[in-house]
Amino acid sequence: MIPTVKKPRLAFFSFTCCEGCQLMVLNCEDEFPDLVKLVDIVNFREAMSEKSDDYDVAFVEGSISRREEIKKLKEIRKRASTVIALGACSSTGGLNCLRNRFPVEEAKRIVYGKDAAVRKIKDTIRARPIDSIIEVDHYIHGCPITKEEFLSTLKALLLGKAPEVPNHPVCVDCKMAGNICVFERGATCMGPVTRAGCNAICITYGSICWGCRGTVDNPNMDAHEETLRRYGLTADSVTRSLDLYGGCTVRKKTGRGD
Ligand code: SF4
Ligand code: SF4
Ligand code: SF4
């Protein structure tokens, strides 16, 4: 009789976020037939109604912004042997950290306008990445993640290897893509300090890098600031550039930002 090998059980969880990173996982529809031969997916609210508390690998999407989420996240950590932060909200705090800049009442006014008074928001705390609460084993960066990085992370885990996370700046990918630097047209860009792995897609399609993949491990903010000055931009624009994605983690790494 051929011995049966127990397949790793995967679970997906979502906290404060738009769930766009889970959608990117669902975009792996061409790969799913092969995937389900290798793993069992036991928890994935966006795709199935069955749920199980018995899992090996937990993919956690979203920031933590309520006390009740802290309790649930700690439960996930206890049950899973491997926890993976899925996307910017979970890895760095992401866009949700913008909210930390305002008192709750002010944030409500900005979001709900004249209906703010009737909106009840309870149990809210400063938005934060999941590694401020629990230990995280691996990170898949980006807002949203790329399906290629999700698949390569999973493949590495199945092979018993540590997933590779790029630690060079977006500028390298940008040069390889043959783009003309946006500084040449007077725009600013977070590429020099942002973790690569997206093929500099935003610049290739005519925009700038907003830093959604978080900073490289040791971002050289002084050099970035110097570049900005060289192109006649102010240090203040550095701080503004960090606002979108860097609020929760950039200060820790660089002493700048929120
Ligand atoms: S990282 Fe971006 S796409 Fe992913 S859940 Fe957060 S806001 Fe949505
Ligand atoms: S600063 Fe931005 S546009 Fe210029 S090379 Fe780097 S990533 Fe590309
Ligand atoms: S270019 Fe920058 S903002 Fe765009 S996907 Fe890459 S890291 Fe994110």
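Nothing in this text is a laboratory measurement; each read-out follows from the coordinates by a stated rule. Remember, it's a predicted structure, so these values are computed and weren't measured experimentally. Please note: Cβ atoms are built from the backbone with ideal geometry, for glycine as well, and neighbour counts cover all protein chains shown.
Some notes on this structure:
- Put in order of Cβ neighbour count within 10 Å, fewest first, the listed residues Thr215, Thr92, Thr227 become Thr227, Thr215, Thr92.
- Ordered from longest to shortest, the equivalent ellipsoid semi-axes for the range 1-151 are 32, 16, 14 Å, each the square root of 5 times a Cα gyration tensor eigenvalue.
- If R0 is 25 Å, the Cβ-Cβ spacing of Ile133 and Arg79 corresponds to a FRET efficiency of close to 0.95.
- Per-residue ellipticity at 222 nm, computed for the chain from helices alone with -39500 (n - 2.57) per DSSP H run of at least four residues, works out to -9000 deg cm²/dmol.
- Within the chain, percent of DSSP bridges classed antiparallel, to nearest 5: 25
- For the peptides 127-140, 110-123, the ranking by packing is 127-140, 110-123, with the highest mean count of neighbouring Cβ atoms within 10 Å listed first.
- Taking Ser49, Ser90, Ser81 and counting other C-beta atoms within 10 Å, the order from fewest to most: Ser49, Ser81, Ser90
- Burial ranking of peptide ranges 10-17, 154-161 (average Cβ count within 10 Å, highest at the top): 10-17, 154-161
- Here the range 133-185 and the range 89-120 have alpha carbon centers that stand 29 Å from each other.
- Mean sequence separation of contacting Cα pairs (under 8 Å, at least six apart), scaled by the length of the chain, corresponds to a relative contact order of 17 percent.
- Packing-based exposure ordering (other Cβ within 10 Å, fewest first) of Arg66, Arg99: Arg66, Arg99
- Each residue of the range 138-146 is assigned a 3J(HN,Hα), and the resulting list reads 9, 10, 10, 8, x, 9, x, 5, 9 Hz, derived from the Karplus form 6.51 cos²θ - 1.76 cosθ + 1.60 (θ = phi - 60°), x at Gly and Pro.
- Taking amide H as placed 1.01 Å from N in the peptide plane, the amide H of Gly214 sits under 5 Å from that of Arg195, each at least 5 places away or on another chain.
- Of Arg101, Arg185, Arg45, the residue with the greatest mean-square motion in the GNM of the chain, using alpha carbon springs below 10 Å, is Arg185.
- Placing +1 on the Cβ of every Lys and Arg and -1 on the Cβ of every Asp and Glu, with nothing else charged, gives the range 9-158 a dipole about its Cα centre of roughly 1040 debye.
- C-alpha long axis of helix 147-158 to longest principal axis of the chain, angle in °: 50
- When you restrict to C-alpha pairs under 8 Å that are six or more residues apart and normalise by the size of the range 72-147, the relative contact order lands at 54 percent.
- The range 1-150, relative contact order [Cα under 8 Å, separation at least 6], %: 29
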